[in-house]
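Throughout, read-outs are computed from the coordinates displayed, never taken from laboratory work. The shown structure was predicted, so the numbers you read here are calculated from the model rather than taken from an experiment. Don't worry about glycine lacking a Cβ; one is built from the backbone with ideal geometry, like all the others, and counts go over all protein chains shown.
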Amino acid sequence: MNFLAHAMGGFGGKEGGESGGFGAFLPLILMFAIFYFLLIRPQQKKAKAHKQLLASIKKGDLHITISTNGKSPMLSRKIRKELECMYNDEYALFLDALGKLRKQVLIDIDDIQMRKEIFGKIVYSNLLEKYQNEEVHDIEKEVMNYYEQMKKVMKK
């Protein structure tokens with residue numbers, strides 16, 4: 001019987017069965033912390049990731065993310081839809097071709113400035129536009145041909 005009274009705080013505590021203020025709230029605080037880290041926080045992370053997914057465009061390795069810093073999610077969606085029309089699947093293929101070209105350029109050319117010039121000319125050329133208009137059928141082949149022509153001109 002004494003054990004039961006002691007467990008309920010009858011002995012050694014304050015008179016009348018009152019226990020310390022913080023000690024009484026400790027289990028409640030601990031339960032809240034457990035619920036927060038196991039239930040609430042993962043859901044918040046998942047919601048944030050979903051929100052970012054809705055405001056991003058992915059075309060192959062090309063990733064564009066739109067943010068209004070939470071001020072207008074509707075505007076983010078509108079901008080995303082507009083950009084999806086602008087940056088279509090041809091951009092992903094063009095990016096893949098540029099990635100393959102980059103590997104080759106890094107092997108062939110040591111001069112960083114010359115590499116920048118080559119990529120500037122290719123990126124700002126009309127190759128992508130020709131590919132989008134179906135004047136060019138193999139963008140990777142055309143990018144490599146363009147590079148080979150530029151190498152010949154630069155060697156002269």
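Observations on the model:
- All lysines inside 17 Å of LYS155 as judged from Cα atoms, apart from same-chain residues fewer than 8 positions distant: LYS116, LYS121
- The HN-Hα couplings worked out from phi for segment 71-79 by the Karplus form 6.51 cos²θ - 1.76 cosθ + 1.60 (θ = phi - 60°) are 6, 7, x, 5, 5, 4, 5, 4, 5 Hz, whole numbers, x standing for Gly and Pro.
- Within the shell defined by Cβ-Cβ distances under 14 Å, the residues around LEU62 carry a net charge of -2, with Lys and Arg each +1 and Asp and Glu each -1.
- Over segment 89-155, Cα pairs under 8 Å with separation of 6+ residues give a relative contact order of 42 percent.
- Packing rank of 28-36, 89-97, 127-135, 70-78, where each peptide gets the mean count of other beta carbons within 10 Å, highest leading: 89-97, 127-135, 70-78, 28-36
- Between ILE112 and LYS152, the modelled labels are 3.1 nm apart [label points 7 Å from Cα along Cα→Cβ].
- FRET E, pair PHE119, GLU82, Förster distance 22 Å, beta-carbon r, rounded to 0.05: 0.25
- Other residues within the sphere of radius under 12 Å centred on the Cβ of LEU83, judged by their own Cβ, net out at +4 (K and R +1, D and E -1).
- Taking a straight line from the alpha carbon of LYS58, these lysines sit under 20 Å away, with near neighbours fewer than eight places off in the same chain left out: LYS46, LYS48, LYS78, LYS81, LYS100.
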